[in-house]
Each structure stands twice: as structure tokens, then as C-alpha cells.
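Peer 1: Got a structure for you, written out below as C-alpha cells; questions coming shortly.
The values are calculated or read from the model by the stated rules, or taken from the named source; none is laboratory data. Predicted model only: the values in this text are computed from it and were never measured. Glycine also receives a Cβ, built like all others from the backbone with ideal geometry; neighbour counts cover every protein chain displayed.
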Amino acid sequence: MRLWPLATGSVIAAGLWFLTALNALPITNWPTLPWHATDMTIEQILLAFGLVPRAAVALLVGALLGLAGALMQAVLRNPLADPTTLGTAAGAQLAIVMATVFAPGLLAGGNLLIGLCGAAVATLLVMTIGAQRNYAPVTITITGMLVGMLASAVAMAVTLSQGHYLLTLVLWNGGALTQNDFVPALRLFLCLLAALVGAALLARPLAVMSLGAEGARGLGLKVAGLRLVTLCLAVLLSAFVSAEVGLVGFVGLAAPAIARSLGARTILQRLIIASVSGALLLSLTDNILLLVAAFGGPSLPTGALTGLIGGPLLIWLLPRMQATVPQTAEDGRHTQPRSDNPVRLLSIITLLTGVTFVICLFTGRGPEGWNIVPSALRDTFLPIRATVLVAAASAGALLAISGAVLQRLTANPMAAPEVLGVTGGGALGYAATVFLVTEPSDLALALGTAAGGTLALVSLSIFVLRRDMAPARILLAGLAIGALASAVLMAIMASSSPQAWSILGWLAGSTSSVTSGGATILATLALALLLVPLIAARWLEMLPLGTETVSALGLPVRRVQFLLIMTAGLATGAATTFVGPVSFVGLMAPHLARSAGLVRPRSFLLASWMLGALLMVLAAFGARTATYPYELPIGLFATLIGVPWLFILLLRKGQA
């Protein structure tokens with residue numbers, strides 16, 4: 001196991017903090033213990049009760065999130081699991097956002113209690129559904145992501161509706177670590193001690209469960225109980241951090257990956273090294289931002305900017321990770337249900353999509369309420385409505401086919417277009433255009449978005465072309481690229497610039513600016529990029545068998561992986577360029593297709609494509625009519641439509 005990177009990181013983090021402290025106050029003027037505020041100058045108080053506890057909080061929060069991520073990845077057997085997987089952080093976020101906007105008096109005693117209540121409600125919902133399937137990893141994962149997306153979407157809508165709270169909510173959501181005493185650090189320290197004891201007790205049973213659920217049961221292990229206890233511990237850590245300091249992203253995902261890259265083999269080693277890696281990652285990020293602020297730069301939220309350090313570090317370490325990374329997970333059943341008549345089911349889905357399109361085209365809501373578009377207005381109104389619906393359907397189809405390809409390619413239920421980093425790159429390109437171009441046109445914004453997404457895709461393609469890159473590591477590389485782009489974007493958003501409002505609105509997704517030419521381009525791309533995976537359907541049937549098996553059958557694995565990932569990336573980039581980063585469709589549509597029993601590659605791809613189009617048509621229609629004459633973000637409406645639908649499917653599975 002290679003520990004020198006951790007030692008080097010510790011020295012660098014300590015050195016950066018020391019430079020910040022020296023800039024704040026010469027070492028000769030540093031206060032001596034014991035510290036009493038009444039005997040100190042303002043500068044000494046800021047150092048003793050500001051910088052010192054902040055350094056401790058950064059280390060403790062990073063360690064807690066790293067440990068939580070390692071626990072979740074161990075129990076869910078998925079390298080993409082992290083403290084956001086179960087919707088815990090999003091639940092805390094929503095509770096604090098709602099309290100800030102509607103009942104600020106509840107926050108008089110701090111965020112901790114409100115955040116914990118929100119996290120508890122979100123987690124209770126996930127666990128209630130998971131209990132029906134013995135806390136099967138796939139069920140827990142999907143349910144948690146649904147709860148998290150729904151909570152985040154509602155929080156985004158509330159934030160957009162309350163402009164005067166925008167900066168405050170953005171900064172809290174970014175995980176600000178500013179401190180004025182040692183009380184939070186003490187609470188976090190006690191939490192970490194208890195968590196380490198619990199993790200040590202769970203390490204051996206988790207090692208047994210790594211053999212697989214059936215093997216673990218054969219050895220007498222109560223798998224469902226172990227899953228519940230482990231998940232509850234990880235959730236508690238995540239909830240405590242979210243309630244204490246806000247949302248801190250990427251650490252829980254990156255720290256376990258770093259631990260594996262450093263050669264941690266046993267479960268106990270991964271838990272310990274992930275904790276240390278998380279602490280160093282967050283400390284490095286915070287100290288760099290403190291140093292930047294000390295020399296006249298902006299004061300930025302640390303939690304949202306961990307990707308600045310963690311992204312490049314993870315990309316550098318991924319090639320050193322063991323070639324085999326477990327990514328399969330039991331879903332609570334031995335066989336995947338299959339439709340007896342996939343052609344008929346596909347025909348029904350196609351007909352439903354077509355009928356929905358026509359209804360949404362000819363009906364709407366106006367000053368006089370709901371009605372059919374009058375014949376006198378059809379020549380002028382219908383082309384505009386058709387442009388919006390075609391753009392929405394095409395974008396949904398593109399995102400869905402991207403998610404379907406990635407989930408099939410990696411056999412990972414959490415794979416979605418966002419993990420390629422293209423969405424984050426496109427968003428960064430859009431933000432850069434807003435800031436660099438005075439009154440940018442729609443064409444300039446589209447070109448900027450496309451340039452950002454292309455840069456992210458090229459960066460990922462360079463990584464994909466490396467030798468022996470397992471799918472799980474490719475996904476982690478995409479997440480690292482996306483985290484880096486998102487960190488830069490958050491730095492822009494937290495700058496309190498008036499352009500931040502327009503960027504935040506675009507991030508929620510919209511089809512209002514798409515022209516007829518843009519809709520035509522999107523539709524053409526949606527059809528063209530569907531053909532590639534359909535032609536490669538035989539490969540998609542074989543790839544889940546594993547790289548070694550498929551290579552032995554003569555399949556050019558590297559070239560096939562590259563082709564399919566580039567197809568998914570192009571589909572994501574095209575949709576993002578025209579309608580913004582609508583993230584939910586690419587995850588949900590493939591799950592709906594699979595739940596309907598369409599599991600063979602061609603029927604799965606076609607059903608995902610159609611369901612993505614259907615979901616986005618409904619979202620575009622609802623976003624324009626639900627709050628007429630105001631338009632809601634299309635991404636929010638897609639989430640509000642899709643989450644209950646998929647929840648019903650999960651509940652039905654649980655009763656089966």
C-alpha cells in the first residue's frame with residue numbers, strides 16, 4: 001500500500017494553512033494557551049477562534065464523508081455510491097432552504113436540528129421502500145437517487161422563486177466551513193470517534209458480504225440486517241455533516257477511489273485510508289481557498305470546490321487503481337423479468353408517445369383556462385408549440401439513449417449522462433459565455449455550451465484511449481471531470497454577480513430559446529445517435545459478461561467502449577447545448593424500460609429512447625401550462641413527473 005501521497009498531502013495542507021495564518025498575523029503575535037477572548041486582539045481572536053477551528057472542521061468533515069462513502073460503496077458494491085446516494089444530503093438541503101425562505105425563525109439556533117430532520121425524512125422514505133426488498137443495493141440506490149433528485153429539484157425551484165435569498169442559499173449549498181468557535185469541531189470529533197468504532201465493528205462482516213449475498217448467507221451472515229446497519233451509519237454521518245456545514249460534494253466519492261488507487265485491499269484498510277484521504281482532500285481545498293482569499297481573491301464556499309483538487313487528483317490516480325473494481329450489485333431477484341411480447345409493448349409505448357405529442361400540441365392553457373387551440377391561431381401558434389415539443393422530445397430521447405448505453409455498457413444502475421462530465425463542461429461553457437460576452441446571443445450561448453461539452457468529452461476520450469481502462473474507472477474519470485467543471489461553475493455562481501441569476505435559471509433547463517432550426521438539428525441527431533447503439537446491440541449483449549470474457553470471444557473491447565462512450569457523450573452534449581443540463585431523464589428512462597421487461601439490447605434501447613421523449617414532452621407541456629403565464633424549469637417538471645412514476649414501479653416490485 002502506497003502511503004507517500006498521503007504524507008505529501010499532509011505536509012502541503014499544513015504548509016498552506018501556516019502561510020494563511022502568517023498572512024493574518026505574524027507568528028510572534030500568535031496568542032498563547034489558554035485562549036481567552038477578553039485578553040486578545042481582534043486579529044488574535046480571528047486566528048484562535050476562526051482559522052484554527054476551521055482547519056479542524058475541514059479535516060473532520062472530510063474524514064466523516066470519506067468514511068461514509070467507503071461504507072456505502074462497500075455495502076452497495078458500487079464505486080459510484082457516495083453520501084448523496086440515499087438522498088440524505090438533498091433532504092437536509094431542502095429542509096434548510098424551506099426554513100430559510102418560509103420560517104427563518106426556526107434557524108435561530110443554527111442549521112443542525114432542521115438539517116437533521118430533513119435528512120431523516122428523506123432517509124426514512126428510502127429505507128421504507130428498501131425494506132420491502134431486504135435493502136437490496138439496486139433498490140436502495142435507485143430509490144435514494146430519486147429522493148435526492150426530487151428534493152434537489154424542489155429546493156432549486158424555491159431558490160429561483162426567492163431572488164433575495166439566492167446568494168445565501170448558494171453559499172450554504174456550497175458547504176461553507178467558516179467557524180467562530182470550537183463547538184462544531186467538538187461535535188464532529190465525537191461523531192467521528194463513534195463512527196470509527198462502528199466502522200471497525202462492521203469491517204469483518206462487510207468483508208464476508210463482499211463474497212456475494214448468497215455466499216454470505218451460506219456463512220450465516222444476516223445480509224439484510226448488515227445492509228441496514230451499515231447504511232444507517234453512513235447516512236447518519238452524511239446527515240450530520242450536511243446539517244452542520246452544508247453540502248460538501250465529491251469527497252465521499254473520491255476518497256474511497258483514492259484509497260483503492262493507493263492499494264488498500266481489505267475493507268478495514270479502505271475505511272481507514274478513505275477517512276484520511278477525505279480529510280486531506282477537503283483540507284487541501286479549504287487551505288488553498290483561504291490563501292487565495294488572504295491575498296485579495298474572492299471568498300468561496302469550500303464544499304462546492306473540492307472538485308478543483310479532487311478531480312485532477314482522482315484522474316491521476318485512477319490508472320493506478322486495481323483493474324477489477326466490483327460494480328455489480330444484487331437487486332433482490334435472481335432473474336430479470338422479461339416481456340412476453342416486446343414488439344407489442346414497444347408499439348404501445350410508441351403510440352402513447354405519439355398521442356401525447358398530439359394532445360400537447362393542440363391543447364393548452366390561456367387566459368380563459370384550458371382549451372383546444374382555436375383554428376384561427378393554429379397557423380401562427382402551432383409551429384411555435386411544435387418547435388418546443390420536438391426539441392423537448394429529441395433532447396429527452398438523446399439523454400435516454402445516453403443513459404441506456406452507459407447502464408448497459410457498465411452494468412451499473414447509477415450510470416447516467418452526468419457521469420461523463422459533458423453536462424458539467426457544457427454548463428461551464430455557458431457560464432463562461434455569459435460572463436465574457438456582453439449581451440450574448442442565443443447562438444453565442446449555444447456555441448459556448450457546445451465548446452465546454454466538447455472539451456470535457458475530448459478530455460474523457462483521452463482517458464478512455466488509455467490501455468486497460470475498466471468501465472467503472474471510465475465513469476469515475478467522467479465524474480472527476482464533471483466535478484472539476486462544477487467547482488469552477490460554483491466559484492462563478494458564488495461571486496454575487498448579477499449574471500449568476502441567469503445561469504441558475506438555465507441550469508434548471510428550458511426549451512424556450514430553441515429555434516426551428518435547432519429543433520430540426522436535435523431531431524436529426526436523436527435519430528442518428530440511436531442507430532449507433534442499435535447496430536452495436538450484439539456488443540451490448542456481450543459486454544456485461546466482463547472484459548476478459550468478451551475479449552476471449554474476439555470482440556475489440558477498447559474500440560467498442562470508445563465508440564459507445566463517445567456516442568453517449570455526443571448525445572448528452574447535444575441535448576445540453578439546446579435545452580440545458582436536464583439530468584433526470586437519462587437515469588430514469590432506462591429504468592422504466594427495464595422495469596417494463598424490455599431487457600434485450602434492441603428493445604431496451606428503443607424503449608428507453610421513446611420513454612425519454614415521452615417524459616420530456618410531458619415536462620415541456622407541464623412547465624409551460626402548470627403556472628401559466630409563468631414557465632417553470634423543464635428539469636424540475638421532468639423530475640416531478642418521473643419520480644412518482646418510478647416510485648410506483650419500485651413499490652410494485654416490492655409487493656411482487
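Peer 1: Checking GLY622 against (1) assigned to a helix (DSSP H, G or I); (2) without any contact (Cβ under 8 Å) to a residue 60 or more places away in the chain; (3) over 19 Å from LEU389 (Cα atoms), only one condition comes out false. Which one?
Peer 2: (3)
Peer 1: Name the one entry in PRO337, PRO383, PRO298 that is within 27 Å of ALA623 (Cα to Cα), at pLDDT below 90 and either more than 24 Å from the chain's Cα centre (by Cα) or of a type in the set (D, E, K, R) (or both).
Peer 2: One residue alone meets the criteria, PRO383.
Peer 1: How many residues does the stretch 194-251 hold that are buried (at least 22 other Cβ atoms within 10 Å of the Cβ) and in contact with a Lys or Arg (Cβ under 9 Å, 6 or more places away or on another chain)?
Peer 2: The qualifying residues number 3.
Peer 1: Additional query: Take GLY69 and tell me if it is touching a helix residue (DSSP H, G or I) at 6+ places or on another chain (Cβ under 7 Å), closer than 30 Å to VAL229 by Cβ and crowded, with 20+ Cβ neighbours inside 10 Å.
Peer 2: Working: touching a helix residue (DSSP H, G or I) at 6+ places or on another chain (Cβ under 7 Å): yes; closer than 30 Å to VAL229 by Cβ: yes; crowded, with 20+ Cβ neighbours inside 10 Å: yes.
Answer is yes for this residue.
Peer 1: OK, next. Would you pick out the residues in the stretch 589-614 that are modelled with pLDDT under 90 and among the aliphatic types (A, V, I, L, M)?
Peer 2: Within the stretch 589-614, ALA589, LEU592, ALA593, ALA596, LEU598, VAL599 qualify.
Peer 1: Which of the residues belonging to the stretch 546-585 are among the polar types (S, T, N, Q) and within 15 Å of LEU475 (Cα to Cα)?
Peer 2: Result: GLN561, THR567, THR572.
Peer 1: Determine the pairs where a residue that is in the same structural domain as THR572 (by TED's automatic domain parsing) and closer than 22 Å to TRP609 by Cβ, located within the stretch 375-397, has a partner that is of a type in the set (Val, Ile, Thr) and in a helix (DSSP H, G or I) with Cβ atoms under 6 Å apart, the partner being 6 or more residues away or on another chain.
Peer 2: Taking only residues 6 or more apart or on different chains, the pairs are LEU389/VAL617; ALA392/VAL617; ALA393/VAL617; ALA395/VAL579; GLY396/VAL585.
Peer 1: Could I ask something else about it? Name, by its number, the condition in (1) assigned to a helix (DSSP H, G or I); (2) modelled with pLDDT of 75 or more that does not hold for THR139.
Peer 2: (2) is the only condition that THR139 fails.
Peer 1: Among (1) over 30 Å from THR266 (Cβ atoms); (2) modelled with pLDDT under 70; (3) exposed (fewer than 12 other Cβ atoms within 10 Å of the Cβ), which single condition is THR324 missing?
Peer 2: (1)
Peer 1: Now for a different question. Over 25 Å from LEU146 (Cβ atoms), part of a helix (DSSP H, G or I) and in the same structural domain as GLN179 (by TED's automatic domain parsing): which single residue out of LEU71, LEU22, LEU33 fits that description?
Peer 2: Only one candidate passes the filter, namely LEU22.
Peer 1: Shifting gears a bit: Residues of the stretch 74-99 being of a type outside the set (Asp, Glu), in a loop (DSSP other than H, G, I, E, B) and under 12 Å from SER238 (Cα atoms), which ones?
Peer 2: PRO83, THR84, THR85, LEU86, GLY87
Peer 1: Return the total of residues in the stretch 100-124 being touching a residue at least 12 places away in the same chain (Cβ under 8 Å) and outside any helix (DSSP H, G or I).
Peer 2: Residues of the stretch 100-124 touching a residue at least 12 places away in the same chain (Cβ under 8 Å): 100-101, 111-123.
When the remaining residues are screened for being outside any helix (DSSP H, G or I), the result is 111.
Count: 1.
Peer 1: Restricting to the stretch 410-461, what's the tally of residues that are part of a loop (DSSP other than H, G, I, E, B) and over 23 Å from the mean Cα position of the chain (by Cα)?
Peer 2: 5
Peer 1: Look through the stretch 251-273, keep the residues that are of a type in the set (D, E, K, R) and either in a helix (DSSP H, G or I) or not assigned by TED's automatic domain parsing to the domain that holds ILE315 (or both), and return whichever of them is modelled with the lowest pLDDT.
Peer 2: ARG260
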